[in-house]
Amino acid sequence: MTTTAALSDRSTKTVTREDGSGTPGHDPHQLWLNHRQPQSQAGARRGRRPAFTREAITTAAVALADAEGLEAVTMRRVAAQVGAGVMSLYSYAPDKDTLLELMVDHVSGELTPAAALTGDWRTDLKTVAHLQRANMLRHPWLPTALSTRRSLGPNTLAFLEHALTALRPTGLDGAAKLEVFAQLTAFVAGHVTHELTQAAAAGSPDRAAAEARYLAAVAADGDHPELAEALSAPARPVTPEATFTRFLNRLIDGLGTD
């Protein structure tokens with residue numbers, strides 16, 4: 001899950017800790033390829049093993065975000081979850097943005113296709129989208145986390161490779177295939193955000209009934225014939241899965257080559 005902009009390296013930058021102090025941040029090469037156990041922990045290997053790992057920190061952060069949203073994910077809260085001092089966490093993730101990088105790639109590890117590619121790129125791309133939607137529904141914070149530029153960790157790269165392989169029969173060049181994947185990911189993230197918002201609003205049946213009465217009155221006023229015709233059409237299944245599938249089919253079936 002990514003955007004084409006994320007495919008270029010992010011340069012090292014100065015980041016700000018929660019205590020306000022600046023520290024050099026990770027670039028993608030440092031984060032994913034040059035990761036080593038922090039020096040403070042490396043020395044401890046001669047004696048007792050470290051009490052926590054980068055994986056444990058990331059897992060704790062994901063659990064917090066799943067339960068309480070991204071706002072709950074602070075270095076202090078995560079440190080408390082793993083039983084570590086706040087300052088010791090900065091050896092693994094120097095700032096929240098880096099922690100989000102780890103979280104996004106961690107949950108991307110759940111994007112495992114259940115079956116091999118069929119060779120029908122539209123069918124395979126729809127499967128990719130359904131996998132993405134299921135993952136975002138499991139982790140409702142994910143669409144927001146993906147809205148900013150993210151680097152590509154190992155799990156993200158594995159899923160991107162799968163999607164690009166699915167697109168091979170299209171004959172599109174590499175840049176176009178990356179654009180299609182970015183477009184698909186953006187569609188899924190936007191749809192899931194809308195879906196979650198609608199689900200939260202569904203707890204108010206009185207409001208839904210009031211909106212239906214309002215639209216019926218507007219359609220009957222004679223000034224909105226197109227709306228009246230649309231509302232008079234046979235109803236379609238409105239379950240979240242059915243609605244997503246219809247929208248997805250319109251998107252992918254309309255894709256061609258360039």
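The values are calculated or read from the model by the stated rules, or taken from the named source; none is laboratory data. Please read all numbers here as calculations on a predicted model, not as lab measurements. Heads up, the Cβs are rebuilt from the backbone with ideal geometry, glycines too, and the neighbour counts pull from every protein chain shown. To get the accessible areas, we keep the full protein, side chains included, count just its heavy atoms, and leave off ligands, DNA and RNA. Shrake-Rupley method; radii C 1.70, N 1.55, O 1.52, S 1.80 Å.
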Which value, in Å² and to the nearest 10, is the accessible area of residue 147 when all protein chains are kept and the probe is 1.4 Å?
90
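Considering only DSSP states other than H, G, I, E and B, which GluC sites (Glu not before Pro) in the range 162-256 qualify as loop sites with at most 11 other Cβ atoms within 10 Å? Intermediate results must be reported in sequence, preceding the final value.
Details: sites: 179, 195, 211, 226, 229, 241; in loops: none.
Passing both the DSSP loop test and the Cβ count: no residue.
So if R0 is 30 Å, what FRET efficiency would residue 228 and residue 194 give, r being the distance between their Cβ atoms, rounded to the nearest 0.05?
Numbers: r = 25 Å, r/R0 = 0.83.
Once rounded, the FRET efficiency stands at 0.75.
Within the set of other residues whose C-beta is less than 13 Å from the C-beta of residue 248, count the net charge using Lys and Arg as +1 and Asp and Glu as -1. If you can, show how the numbers build up before the last one.
Numbers: positive: 122, 126, 133, 246, 250; negative: 124, 195, 241, 253.
It works out to a net charge of +1.
Rounded, prolate or oblate: which fits the range 197-249, taking a ≥ b ≥ c as square roots of the Cα gyration tensor eigenvalues, rounded meaning a/c under 1.5, else prolate when a/b beats b/c?
oblate
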Between the alpha-carbon centers of the range 219-243 and the range 120-144, tell me the distance in whole angstrom.
27
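Once you sort the root eigenvalues of the Cα gyration tensor of the range 65-219 as a ≥ b ≥ c, which label holds: rounded (a/c under 1.5), prolate (a/b larger than b/c) or oblate (the other case)?
Note, shape of the range 65-219 comes out oblate.
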66, 105, reordered so the largest accessible area comes first (probe 1.4 Å):
66, 105
